[in-house]
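Asker: Have a look at this one before I ask anything.
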Amino acid sequence: MAWWVLHVDLDQFLAAVELLRRPELRGKPVIVGGQGDPTQRGVVSTASYEAREFGVRSGMPLRTAAKRCPDAVFLPVDADVYNAVSQRVMDTVREFGVPVEVLGWDEAYLGVETGDPEAFAAEIQRAVREATELDCSVGIGDNRLRAKLATDFGKPAGVYRLTRENWYEVMADLPPDALLGVGGKTTKKLAALGITTVRELAAADRNALAERFGPTMGPWIWYLAQGRGETEVSATPYVARSRGREMTFQQNLTEWADVEREIAVLARRVADDVAEEGRPAARVVVKVRFAPFETESHGVTLPALTSDPADIEQAALGVLGRFEPSRAVRLLGVRAEFER
């Protein structure tokens, strides 16, 4: 018997739920996002595998997705339905009697002591399919990092094991952005240092990386490249780390007074969400997406924990002052983060 971390990830979750509601769409490219209208501004939340073959990805503007896949069926986000289905999935997984750490709508970590993790994973897949008609992929690892990475190798509806034994066999020749948390910009900076693969990053000088990327990030990406990670899975019920609101404008806001007004409205709505959560906010973050599609975020730690709408609004407006006021704005967001 050995301890394993399993990462359960529902395949194309939002699209899969919509296909259950609309079985006539099976086999067609389906894109879920915004109000379901690609002529309006909004971004892709999930694309079916058929749509992904055309290069459609989460976070892509709906208009871009429509250009890449003009025959796609666009559907609006229906959060209440997704919440209900997600709850059924997580309740089903908890019936296995092992620690389950929910990460969001469509994924969770499990801590499992077993001699056959693949068989355990297959049982999870069977139970989820019977309870919801949804497929999931399961990554098996000796830590959380490897389990989560393994899931992608198992998609769709598969099981994959990634451990210390096969880490370099699987990951060595991949680019650094194959690692969780290493983005394209960091990968380009690493390439300028002659580091173009996970193996080269793992073998790099840790101190040199700290000098180039900072004392926290440099050692962290070196640590990731070696496949290291935490093994603990907490069964503590999932608790949201923040509550936020966003608004995409069909016409750019060009007057800063209008931007300030909309931020105030969003902040008040977030304050209502904070009150509903029953926990005071510790930090307020403002997101601004300038035209055509450049996004910036700034935040501030509040002087004291608060649920007061006036405090949250004042903090959001204060943070807004850190943005360039002379540019057209297409999206605004306000997020209240809770104390961890």
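Asker: Looking at the stretch 131-148 only, could you name the residues that are within 22 Å of Tyr49 (Cα to Cα), in contact with a helix residue (DSSP H, G or I) (Cβ under 9 Å, 6 or more places away or on another chain) and assigned to a helix (DSSP H, G or I)?
Answerer: Within the stretch 131-148, Thr132 is the sole residue that qualifies.
Asker: Can you tell me which of Arg228, Arg164, Arg243, Arg199 is open to solvent by 90 Å² or more (accessible area, probe 1.4 Å) and not in a loop (DSSP other than H, G, I, E, B)?
Answerer: Arg199
Asker: A follow-up question, please. When Ile31 is evaluated against the numbered criteria (1) under 29 Å from Pro292 (Cβ atoms); (2) in contact with a Phe, Trp or Tyr (Cβ under 6 Å, 6 or more places away or on another chain); (3) part of a loop (DSSP other than H, G, I, E, B), which criterion, by number, is the only one it fails?
Answerer: Ile31 satisfies every listed condition except (3).
Asker: Looking at Asp273, Asp311, which is the one that is open to solvent by less than 50 Å² (accessible area, probe 1.4 Å) and over 26 Å from Gly183 (Cβ atoms)?
Answerer: Exactly one residue qualifies, and that residue is Asp273.
Asker: Something else now. Considering only the stretch 306-320, how many residues are within 11 Å of Val284 (Cα to Cα) and not in a helix (DSSP H, G or I)?
Answerer: The number of residues fulfilling the criteria is 1.
Asker: Checking the condition polar (S, T, N, Q), in contact (Cβ under 8 Å) with a residue 60 or more places away in the chain and surrounded by fewer than 17 Cβ atoms within 10 Å (Cβ to Cβ), which residue from Gln40, Gln35, Gln87 passes?
Answerer: Exactly one residue qualifies, and that residue is Gln40.
Asker: Restricted to the stretch 97-130, and to residues that are exposed (fewer than 15 other Cβ atoms within 10 Å of the Cβ) and not acidic (Asp, Glu), which residue is farthest from Ala240 (Cα to Cα)?
Answerer: Gly115
Asker: Of the numbered conditions (1) touching a helix residue (DSSP H, G or I) at 6+ places or on another chain (Cβ under 6 Å); (2) open to solvent by 60 Å² or more (accessible area, probe 1.4 Å); (3) part of a loop (DSSP other than H, G, I, E, B), Val182 fails exactly one; give the number of that condition.
Answerer: Every condition holds for Val182 apart from (2).
The values are calculated or read from the model by the stated rules, or taken from the named source; none is laboratory data. Keep in mind the model is a prediction, meaning the values are calculated, not measured. Neighbour counts are summed over all protein chains in view; Cβ atoms, including those assigned to glycine, are modelled from backbone coordinates with ideal geometry. Surface accessibility is based on the protein's heavy atoms, side chains included, excluding ligands, DNA and RNA. Shrake-Rupley method; radii C 1.70, N 1.55, O 1.52, S 1.80 Å.
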